[in-house]
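Read the structure below first, then the notes.
The values are calculated or read from the model by the stated rules, or taken from the named source; none is laboratory data. Predicted model, so just to flag it, every value in this text is computed and none were measured. Glycine gets a Cβ as well: all are built from the backbone with ideal geometry, and neighbour counts include every protein chain shown.
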Amino acid sequence: MYSQESISGRRRGRTEPTAEMLSGLACLICGTDYRSAPAPEAVVVSHRDDRRLLACHGTCARMASGSVNGLDETPLPLAERVRRHQADHS
Ligand SMILES: [Zn+2]
């Protein structure tokens, strides 16, 4: 007899991104909120569905993407990310 209850697709120690992270409003690695000043420069490091995930330029970007500059893409302006986030969560 086997119990499959403890088996899931989720790996331990890897938390799911928050809604803010998915909206590009917070760093995927350290969770810094880019809406709060002074916020570090954010770079695109990953994609999830049709969204871009961002991380701080430098160490966070390197952890997420392997490059301190992230992917060679320009993130949407912060105001636009905020607008989309609010549209998703209203
Ligand atoms: Zn960060």
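Scanning region 17-33 for residues that are touching a helix residue (DSSP H, G or I) at 6+ places or on another chain (Cβ under 7 Å), surrounded by fewer than 17 Cβ atoms within 10 Å (Cβ to Cβ) and in contact (Cβ under 8 Å) with a residue 12 or more places away in the chain turns up at least one hit.
Might you check whether a residue that is within 15 Å of residue 17 (Cβ to Cβ), touching a strand residue (DSSP E or B) at 6+ places or on another chain (Cβ under 9 Å), away from the ligand (no atom under 14 Å from the Cβ) and free of Cβ contacts under 8 Å to residues at least 60 places away in the same chain occurs anywhere in region 51-66? Within region 51-66, one or more residues are within 15 Å of residue 17 (Cβ to Cβ), touching a strand residue (DSSP E or B) at 6+ places or on another chain (Cβ under 9 Å), away from the ligand (no atom under 14 Å from the Cβ) and free of Cβ contacts under 8 Å to residues at least 60 places away in the same chain. Quick check on residue 10: is it of a type in the set (Lys, Arg) and either modelled with pLDDT under 95 or at positive phi (or both)? Taking the combined requirement at face value, the residue satisfies it. The requirement of being assigned to a helix (DSSP H, G or I), among the basic types (Lys, Arg) and surrounded by 11 or more Cβ atoms within 10 Å (Cβ to Cβ) is fulfilled nowhere in region 47-58; no residue meets it. Residue check: residue 75 meets all listed conditions (1) away from the ligand (no atom under 15 Å from the Cβ); (2) crowded, with 17+ Cβ neighbours inside 10 Å but one, namely (1).
For region 78-90, filtering for residues that are free of Cβ contacts under 8 Å to residues at least 60 places away in the same chain and surrounded by 12 or more Cβ atoms within 10 Å (Cβ to Cβ) leaves 4.
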